[in-house]
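The values are calculated or read from the model by the stated rules, or taken from the named source; none is laboratory data. This structure is a prediction, so every number in the text was calculated from the model and none was measured. Cβ placement follows ideal geometry from the backbone for every residue including glycine, while neighbour counts extend to all protein chains displayed.
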Amino acid sequence: MTRLVILGGGLAGYQGALVGAQLGADVTVVEMDAVGGATTLADCVPSRTLLASAEVVSGYRDTEAHGVHSGGLDVTVDAAALHSRVKLLAGAQSADMSTVLHKANVRVVNGRAKIVRGETSHAVVTDDDEQFPADVILVATGSRPRVLPMAEPDGERILTYRDLYDLPELPNHLVVVGAGVSGVELAHAYLAMGVQVTLIANDRILPGIDPDAVRLIEDTLHARGLTIVQGTPMERVVAGEHGARVVLADGTEVDGDRVLVAAGLVANARGLGLSAARVELTASGHIKVDGFAQTTARGIYAAGSCSTAPALANVAAIQGQIAVRHALSAPTTPLRLAHLPRAVQTSPEIAYVGETYADPGFKERSLVVLPLGGNASAKIQQVDEGFIKLICDKREGTVVGGVIVARRASELITSISMAIAARLTVDQVARTFSVFPTLSNGVTEAAQLLMSRR
């Protein structure tokens, strides 16, 4: 029986453990916190819970057009109850995942561990000196918020996103430094809950994402009261007794009672014995892997945000499965990102997949942009902002990309992702049945329009 030892019980480790158990391996997971890891306990699940609460608050506004009169209802947010719910749901999800592993006969060990290289094989040793010989090792230790020396978090005035759920009350004025996906999503959430928010971006917000989509979201957030300061890098953040001050390189000062620094992630790849095991890291500290999640050391794999793959939960889950299937000689294919959907969960959401304007050879593509204003479901929901953009190959007609800006865009994008994966043509997508009236019907409509323009 193959001995599989996994460092980390987040999504990559969890999925890898389940696949290993299904394939008959003896599986051990070593996790320093709880099953689910940071993704479940501190990152994705908590932030999505926060966003769900923000959506509830937003639902009480702008109801008059639907014939619903709130009578001046004053909606407030109880921060203690909100944060308690965030932690409760994260804990519940972790417990459910732990139960699944237990039923699959996966051994879960709590603690830190490192790899010890032997002459013919490796072993994993915990801080308690418990040793687990391994035929295959999967490193799935995740990542942590990047800490900037000029803006070190204190958990009180200067925060990372993991500090938010310990605050006793909502900020009066939250300054968010960093305008990537996490920064923009959290700025949106707190803005929706009535907090004054200032977003600071070095350049433009959401770099690398479809510019039409970004422009729409930026205009929408600005109309809702978000202040965006862009074009000047941050120089430092200074905490005071009653707040914190962000000082920009041009001398501009932005004051708030809390400052959230959203400066990206750092891989948890140090102190694991990787160097001695001959596992190579990149200059950024990520573990080098190939399409099957193999590292540079035989028998050692890495998956999730500690590796060089994109730091996304859906990638981590698939990568963990691929790694274990490959290690146990089960049929699998390398990680393919051409149909990897991504999303920004604002209101409306942005979701995108496949090729964009910036990709080489775009002149060989055809595209159509279908405004949501003409969609029946959008009219019913009183939605007049957003669009569906579909991209295909001019010669073959195969779908190669798409962008959706809409409510629940992160769920709608799956149909385009599947079309890319299956190499469907726009003609085939256009002939696909969809329920009417729905926003998903817009994908079919966009394909019909693109079919006529090829």
Anything in segment 24-50 that is in contact with a Ser or Thr (Cβ under 8 Å, 6 or more places away or on another chain) and assigned to a loop (DSSP other than H, G, I, E, B)? List them, or say none.
G24, A25, A34, V35, G36
Would it be correct to say that A80 is part of a helix (DSSP H, G or I) and within 30 Å of A140 (Cβ to Cβ)?
no
Please verify whether A293 is on the phi > 0 side of the Ramachandran plot, over 15 Å from the mean Cα position of the chain (by Cα) and not assigned by TED's automatic domain parsing to the domain that holds E445, treating the condition exactly as stated.
yes
Check off (1) surrounded by 20 or more Cβ atoms within 10 Å (Cβ to Cβ); (2) free of Cβ contacts under 8 Å to residues at least 24 places away in the same chain for G285 and give me the number that stays unchecked.
(1)
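Please pick out the residue among R245, R236 that is exposed (fewer than 15 other Cβ atoms within 10 Å of the Cβ) and either at pLDDT 95 or above or more than 26 Å from the chain's Cα centre (by Cα) (or both).
Working: R245 fails: exposed (fewer than 15 other Cβ atoms within 10 Å of the Cβ).
Testing whether each residue is exposed (fewer than 15 other Cβ atoms within 10 Å of the Cβ) and either at pLDDT 95 or above or more than 26 Å from the chain's Cα centre (by Cα) (or both) leaves just R236.
Regarding S305, is this residue among the polar types (S, T, N, Q), assigned to a loop (DSSP other than H, G, I, E, B) and in contact with a Gly (Cβ under 7 Å, 6 or more places away or on another chain)? Show your work before the answer.
Values: among the polar types (S, T, N, Q): yes; assigned to a loop (DSSP other than H, G, I, E, B): yes; in contact with a Gly (Cβ under 7 Å, 6 or more places away or on another chain): yes.
The answer is yes for S305.
Taking only segment 1-23 into account, find how many residues are part of a loop (DSSP other than H, G, I, E, B) and either more than 20 Å from the chain's Cα centre (by Cα) or more than 16 Å from A302 (Cα to Cα) (or both). Show your work before the answer.
So in segment 1-23, the residues part of a loop (DSSP other than H, G, I, E, B) come out as 1-2, 8-10, 23.
The next check asks that each one be either more than 20 Å from the chain's Cα centre (by Cα) or more than 16 Å from A302 (Cα to Cα) (or both); those that pass are 1-2, 23.
Number satisfying all stated conditions: 3.
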Quick one: would you say P171 is in contact with a Ser or Thr (Cβ under 8 Å, 6 or more places away or on another chain) and in contact (Cβ under 8 Å) with a residue 40 or more places away in the chain?
no
Working only within segment 277-287, note down all residues that are under 22 Å from A123 (Cβ atoms) and assigned to a loop (DSSP other than H, G, I, E, B).
A277, R278, V279, E280
Filtered residues of segment 303-319 (kept if among the aliphatic types (A, V, I, L, M) and in contact (Cβ under 8 Å) with a residue 60 or more places away in the chain):
A303, A311, A313, A316, A317, I318
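Identify all residues within segment 218-232 that are among the polar types (S, T, N, Q) and either under 20 Å from F387 (Cα atoms) or in the same structural domain as K389 (by TED's automatic domain parsing) (or both); write none if there are none.
Taking segment 218-232 and keeping what is among the polar types (S, T, N, Q), we get 220, 227, 230, 232.
T220, the sole residue that qualifies.
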Determine which member of the set R258, R162, R236, R215 is outside the structural domain of E55 (by TED's automatic domain parsing), free of Cβ contacts under 8 Å to residues at least 40 places away in the same chain and of a type outside the set (S, T, N, Q).
R215
Residue that is farthest from Q345 (Cα to Cα) [pool: residues in segment 14-48 that are touching an Asp or Glu at 6+ places or on another chain (Cβ under 7 Å) and small (G, A, S)]:
G37
Of residues in segment 405-434 being within 19 Å of the chain's Cα centre (by Cα) and charged (D, E, K, R), the one surrounded by the most Cβ atoms within 10 Å (Cβ to Cβ)
R407
State whether one or more residues within segment 388-404 are modelled with pLDDT of 90 or more, among the acidic types (D, E) and either within 30 Å of I300 (Cβ to Cβ) or buried (at least 22 other Cβ atoms within 10 Å of the Cβ) (or both).
no
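Listed here are the residues, each with its yes/no results for (1) assigned by TED's automatic domain parsing to the domain that holds G10; (2) touching a Pro at 6+ places or on another chain (Cβ under 7 Å); (3) buried (at least 18 other Cβ atoms within 10 Å of the Cβ).
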| residue | (1), (2), (3) |
| --- | --- |
| K87 | yes, no, no |
| A90 | yes, yes, yes |
| A95 | yes, no, no |
| V100 | yes, no, no |
| N105 | yes, no, no |
| I115 | yes, no, yes |
| S121 | yes, yes, no |
| V124 | yes, no, yes |
| E130 | yes, no, no |
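Being of a type in the set (D, E, K, R), in contact (Cβ under 8 Å) with a residue 24 or more places away in the chain, surrounded by 12 or more Cβ atoms within 10 Å (Cβ to Cβ) and closer than 30 Å to G194 by Cα: is that true of E31 here?
On the way: of a type in the set (D, E, K, R): yes; in contact (Cβ under 8 Å) with a residue 24 or more places away in the chain: yes; surrounded by 12 or more Cβ atoms within 10 Å (Cβ to Cβ): yes; closer than 30 Å to G194 by Cα: no.
Here the answer is no, as E31 does not meet what is asked.
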Out of (1) crowded, with 18+ Cβ neighbours inside 10 Å; (2) more than 26 Å from the chain's Cα centre (by Cα); (3) closer than 29 Å to A12 by Cβ, the odd one out for Q321 is which?
(2)
Among the residues in segment 47-59, are any modelled with pLDDT of 95 or more, out of contact with any strand residue (DSSP E or B) (no Cβ under 8 Å at 6 or more places or on another chain) and either within 18 Å of F132 (Cβ to Cβ) or charged (D, E, K, R) (or both)?
no
